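For reference, the structure is listed below as structure tokens.
Only the coordinates and a few stated rules stand behind these numbers; no lab work does. Everything quoted here is computed from the prediction, not taken from an experiment. Here the Cβ positions follow ideal geometry from the backbone for every residue, glycine too, while neighbour counts run over all protein chains shown.
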Ligand SMILES: *Cc1c(COP(=O)(O)O)cnc(C)c1O
């Protein structure tokens, strides 16, 4: 077990059950578990294996290196990677039998060159910008790229396997752009199929669309956040409303507990001053570990990120520092150095959640979990079905591989 005074405990049983829940939300589609960004901070390889055990038949990664790391670990399911810049190791991706996205004309040239160099047939997913205004072929670029792709397909260099896109407002299912993008997507699919391509998978839905918009499930859904048990639509419902369980619990051990008088300034710039005689606790984890500095607290004006100590809730008092922050445990506290501080977890038992941290920091839960620092050990529980997920004695402690990216 690592001696680091904090850890992210990741329940792989929750990952498996979240994938099963997502598959039930999209019964006509396959599930691609999106494991980019080191599995949203949970650890690429353990999460990927758990997602496959839960029924995911595809894994999705933004970066080529992440996709290659999945193959190097022996994962044999379908893998798609999509965020490439010139210099992407396309030949290695083809050797590793990874499906590749083409989101720009240069990328098609790179795929064809790599296919010729390796003698492999690339599986290509044409990405269309249906209105996100980010990566992807504009609809007016699609015909020429499609034409070139079908010529390369005729010579055996590639197979046009998929057409896909991504929403701008999936988390607001009623937003007019959602319908508009779905229409542009349907047009793109018609164009590609009309040109003679036999598509294996058409895919459009991220977590929010998987949970709220069955009309866009198509053949494959691509949930990321929901795999980790967080709600992509917190304004519509928490994880429980969708049958999801947050997989990560972030906790630390109290470094110091001490009594201070009322009127005592706390941490840099004394953003917090103790209202009365009280007991302060020092939590040895800070913004270098991913605790957002924007969740600093200056009660009563501005509550900081929530924590639970000894069954009671309190919050960050004063500035979050690089390696530590302070909590006000209250005048009657009996907590001691070494006691466990929970920053966030399942929330099922009234504990603090990543969503609450997101609100305290003015961000989204995606950022809270993906930014948990590389130096925070990931500890995996629930590796086998039936085992008590919270049985720490059976925990397999492992420093995260740190992601491949
Ligand atoms: C990250 C990502 C996803 C997953 O999004 P979530 O909102 O986390 O479900 C799906 N598709 C693409 C293209 C992505 O970049």
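With labels modelled as points extended 7 Å from the Cα through the Cβ direction, what inter-label distance (nm, one decimal) is found for residue 374 paired with residue 144?
About 4.0 nm, to one decimal.
Take the stretch 13-228, drop everything but the C-alpha atoms, weight them equally and run the Debye formula without solvent; then report log10 I(q)/I(0) at 0.14, 0.18 Å⁻¹ to two decimals.
-0.81, -1.32
Give the Rg (one decimal place) followed by the Dmax (whole number) of the stretch 67-110, computed from C-alpha coordinates and expressed in Å.
10.5, 32
Any chance you could tell me what percent of the C-alpha pair distances in the stretch 1-118 go past 21 Å?
Every Cα pair in the stretch 1-118 considered, those over 21 Å come to 43 percent.
Could you grab the relative contact order for the chain? Cα pairs under 8 Å, six or more apart, rounded to a whole percent.
Relative contact order, the chain: 19 percent.
Which whole-angstrom value gives the distance between the alpha carbon centres of the stretch 1-46 and the stretch 57-109?
20
Order these peptides, 285-298, 95-108, by their mean beta-carbon neighbour count within 10 angstrom, highest first.
Numbers: 285-298: 22.1, 95-108: 20.1.
Most protected by this proxy first, the peptides run 285-298, 95-108.
So what's the gap between the Cα centers of the stretch 200-262 and the stretch 120-138, to the nearest angstrom?
26
I'd like the projected area of the stretch 218-322, averaged over all directions, using the convex hull of its alpha carbons. Report it in nm² with one decimal.
The Cα convex hull of the stretch 218-322, projected and averaged over all directions, gives 9.0 nm².
What order, most packed first, do the peptides 149-160, 366-377 have when packing is the mean number of other Cβ atoms within 10 Å of each residue?
366-377, 149-160
Between the helical axis of 176-194 and the dominant principal axis of the chain, each derived from Cα atoms, what acute angle in degrees is found, rounded to the nearest 10?
30
Can you tell me the Rg and the Dmax, both Å, for the Cα atoms in the stretch 77-173?
Just the Cα atoms of the stretch 77-173 yield Rg and Dmax of 13.3, 45 Å.
Based on the alpha-carbon gyration tensor of the stretch 248-373 and its eigenvalue square roots a ≥ b ≥ c, which shape applies: rounded if a/c is under 1.5, prolate if not and a/b is larger than b/c, or oblate?
It is prolate, given that a/c is not under 1.5 and a/b is the larger ratio.
Packing-wise, with mean Cβ within 10 Å as the measure, how do 266-274, 119-127 rank, highest first?
119-127, 266-274
For the stretch 163-220, what is Rg from Cα atoms divided by 2.2 N^0.38 Å, rounded to two decimals?
My calculation over the Cα atoms of the stretch 163-220 gives 1.11.
Roughly what angle does helix 105-118 make with the longest principal axis of the chain, taking Cα atoms, 0 to 90 degrees, to the nearest 10?
70
Give the separation of the Cα centroids, the stretch 345-372 to the stretch 264-282, in Å.
Between the Cα centres of the stretch 345-372 and the stretch 264-282 lies a distance of 24 Å.
Can you tell me the Rg and Dmax of the chain, counting just the alpha carbons, in angstroms?
23.4, 79
Does anyone have the angle between helix 12-25 and the longest principal axis of the chain? Alpha-carbon axes, 0 to 90°, nearest 10?
50
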